[in-house]
Amino acid sequence: MSPERPTLPPLPDGLTEHKYETAEGTLNYAVGENNGPPILLIHVLGGMLHEFLSVYEQLKDRWQVTLVDLRGHGKSSWTKSVYDFNSYHDDIIGLIRDVIGDPAVVWGHSLGAITTMNLAVSAPELVAAAILEDPPMMISGDASHSPFIASFKVTQDLMRTNSSDEEVLAAMQKVLPNFQERHLERYLLRIRTNDPEIYTVALSGRQNETWDPEYILRAIKVPTLLMQADPSLGAAVLDDHAARAMELLPNAQHIKYEGIGHSIHAALPGKTVGDVEAFLTEMGVRTK
């Protein structure tokens with residue numbers, strides 16, 4: 001059982017929160033008004049549905065937007081199962097089938113993008129298009145490349161202590177010196193809310209044992225947009241990763257965002273939404 005968690009910031013008007021029961025627990029999700037076709041937004045490892053609110057604001061008038069807390073994150077329940085690359089998409093399959101009801105455009109960031117990739121292979125009939133925002137898809141092929149390990153380790157250690165908010169913020173400031181104060185406050189919420197075990201597999205490297213990026217990429221047949229951050233600013237997708245992915249993906253486009261770090265949508269919500277909608281239109285995916 002998860003401990004008592006802090007109160008999270010309220011969601012904007014137009015979004016309503018709900019619970020979906022899975023085989024392993026309860027999934028928290030929020031749905032916007034029915035203003036168009038369905039789009040599902042899936043957050044990063046250690047995040048929560050709040051991470052995509054800036055994108056929601058850009059999409060809400062033309063789409064029916066669903067945001068979700070992955071298992072172990074936000075208001076979703078913690079699980080005794082291992083949190084690895086292959087553990088999240090079954091929950092999302094059920095959510096789309098039972099709640100959304102129609103094939104959705106699925107936009108995932110980092111771990112959310114990995115979940116989207118698995119979803120597109122396991123249940124392609126539920127995915128109208130896959131939007132992959134800087135996924136750590138080639139970690140197994142390049143185990144030395146992970147710009148996030150240091151922050152994962154500090155974050156997990158802090159989650160397992162009784163440190164005060166001030167001590168947590170001071171520790172995070174050391175590992176994330178360029179973060180603005182409002183972003184550090186968001187990290188504090190993550191630390192107080194999420195299951196510490198979500199980081200265990202990533203820190204151990206055990207995802208390499210079961211994750212086969214080349215198989216997954218070859219198997220994705222739905223229209224796919226690969227969004228790459230700038231490798232000089234901590235991107236999960238290096239240039240050779242992007243090139244290899246585009247060789248393997250049969251139905252895809254690639255955009256590289258120079259000068260933008262891993263959270264592309266957070267830095268450029270209007271630009272990324274415009275790029276996604278232009279891609280969907282070009283691919284003939286219904287956007288109205």
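The values are calculated or read from the model by the stated rules, or taken from the named source; none is laboratory data. All of these numbers come straight from a predicted model, not from anything done at the bench. Note that we place each Cβ from the backbone using ideal geometry, even for glycine, and neighbour counts take in every protein chain shown.
I'd like to check something: does the range 59-66 contain any residue that is acidic (Asp, Glu) and touching a helix residue (DSSP H, G or I) at 6+ places or on another chain (Cβ under 9 Å)? No: zero hits.
Give the residues of the range 207-238 that are aliphatic (A, V, I, L, M) and over 11 Å from MET117 (Cβ atoms), sorted by residue number. Working first, answer last.
Start the filter on the range 207-238 by keeping residues that are aliphatic (A, V, I, L, M), which leaves 216-217, 219-220, 222, 225-227, 229, 233, 235-238.
Answer for the range 207-238, where residues must be aliphatic (A, V, I, L, M) and over 11 Å from MET117 (Cβ atoms): LEU225, MET227, ALA229, LEU233, ALA235, ALA236, VAL237, LEU238.
Among the listed residues ILE216, ILE191, ILE198, identify the single one that is under 21 Å from the mean Cα position of the chain (by Cα), more than 18 Å from GLY46 (Cα to Cα), surrounded by 15 or more Cβ atoms within 10 Å (Cβ to Cβ) and aliphatic (A, V, I, L, M). Reasoning before the result, please.
Numbers: ILE191 fails: more than 18 Å from GLY46 (Cα to Cα); ILE198 fails: more than 18 Å from GLY46 (Cα to Cα).
Step by step, each of ILE216, ILE191, ILE198 is checked, and only ILE216 is under 21 Å from the mean Cα position of the chain (by Cα), more than 18 Å from GLY46 (Cα to Cα), surrounded by 15 or more Cβ atoms within 10 Å (Cβ to Cβ) and aliphatic (A, V, I, L, M).
The set of residues in the range 222-280 being modelled with pLDDT of 95 or more and on the phi > 0 side of the Ramachandran plot consists of GLY259 alone. Within the range 162-186, restricting attention to residues that are part of a loop (DSSP other than H, G, I, E, B) and surrounded by 13 or more Cβ atoms within 10 Å (Cβ to Cβ), the residue that is modelled with the highest pLDDT is SER163. No other residue among THR200, THR281, THR287 is in contact (Cβ under 8 Å) with a residue 60 or more places away in the chain and either closer than 30 Å to GLU125 by Cβ or of a type in the set (Lys, Arg) (or both) apart from THR287.
I'm checking my understanding of the structure. Among residues of the range 251-288 that are in a helix (DSSP H, G or I) and small (Gly, Ala, Ser), which one is farthest from ASP61 (Cα to Cα)?
Of the range 251-288, the ones in a helix (DSSP H, G or I) are 264-267, 269-282.
Cutting the leftovers down to small (Gly, Ala, Ser) gives us 266-267, 270, 274, 278.
Numbers: ALA266: 19, ALA267: 21, GLY270: 13, GLY274: 14, ALA278: 16 Å.
Step by step, filter the range 251-288, then rank; the result is ALA267.
If you go through the range 215-243 and keep only what is in contact with a helix residue (DSSP H, G or I) (Cβ under 6 Å, 6 or more places away or on another chain) and under 20 Å from ASP84 (Cα atoms), you end up with ILE216, LEU217, ALA219, ILE220. Testing SER146 on (1) under 21 Å from ILE42 (Cβ atoms); (2) of a type in the set (S, T, N, Q); (3) modelled with pLDDT of 85 or more; (4) not in a helix (DSSP H, G or I), one condition comes back false. Which one is that? Of (1) under 21 Å from ILE42 (Cβ atoms); (2) of a type in the set (S, T, N, Q); (3) modelled with pLDDT of 85 or more; (4) not in a helix (DSSP H, G or I), only one is false for SER146: (3). A residue that is free of Cβ contacts under 8 Å to residues at least 60 places away in the same chain and hydrophobic (A, V, I, L, M, F, W, C) cannot be found anywhere in the range 208-229.
Only one residue in LEU67, LEU49 is within 22 Å of ARG192 (Cβ to Cβ) and touching a Gly at 6+ places or on another chain (Cβ under 7 Å), so which one is that?
Working: LEU67 fails: touching a Gly at 6+ places or on another chain (Cβ under 7 Å).
From the options LEU67, LEU49, the qualifying one is LEU49.
Look at GLY108 and say whether it is surrounded by 15 or more Cβ atoms within 10 Å (Cβ to Cβ) and on the phi < 0 side of the Ramachandran plot.
Details: surrounded by 15 or more Cβ atoms within 10 Å (Cβ to Cβ): yes; on the phi < 0 side of the Ramachandran plot: yes.
The answer is yes for GLY108.
Residues in the range 59-96 that are over 22 Å from ARG5 (Cβ atoms) and surrounded by fewer than 21 Cβ atoms within 10 Å (Cβ to Cβ): LYS60, ASP61, ARG62, GLN64, ASP84, ASN86, ASP90, ILE93, GLY94. Residues in the range 51-103 that are of a type in the set (A, V, I, L, M, F, W, C) and out of contact with any Phe, Trp or Tyr (no Cβ under 7 Å at 6 or more places or on another chain): PHE52, LEU53, VAL55, LEU59, TRP63, TRP78, VAL82, ILE92, ILE93, ILE96, ILE100.
Of all residues in the range 80-110, count the ones that are hydroxyl-bearing (Ser, Thr, Tyr) and more than 23 Å from TYR215 (Cα to Cα). Give the derivation first.
Pass one, the range 80-110, residues hydroxyl-bearing (Ser, Thr, Tyr): 81, 83, 87-88, 110.
Next cut, more than 23 Å from TYR215 (Cα to Cα) only: 81.
Adding up the residues that qualify gives 1.
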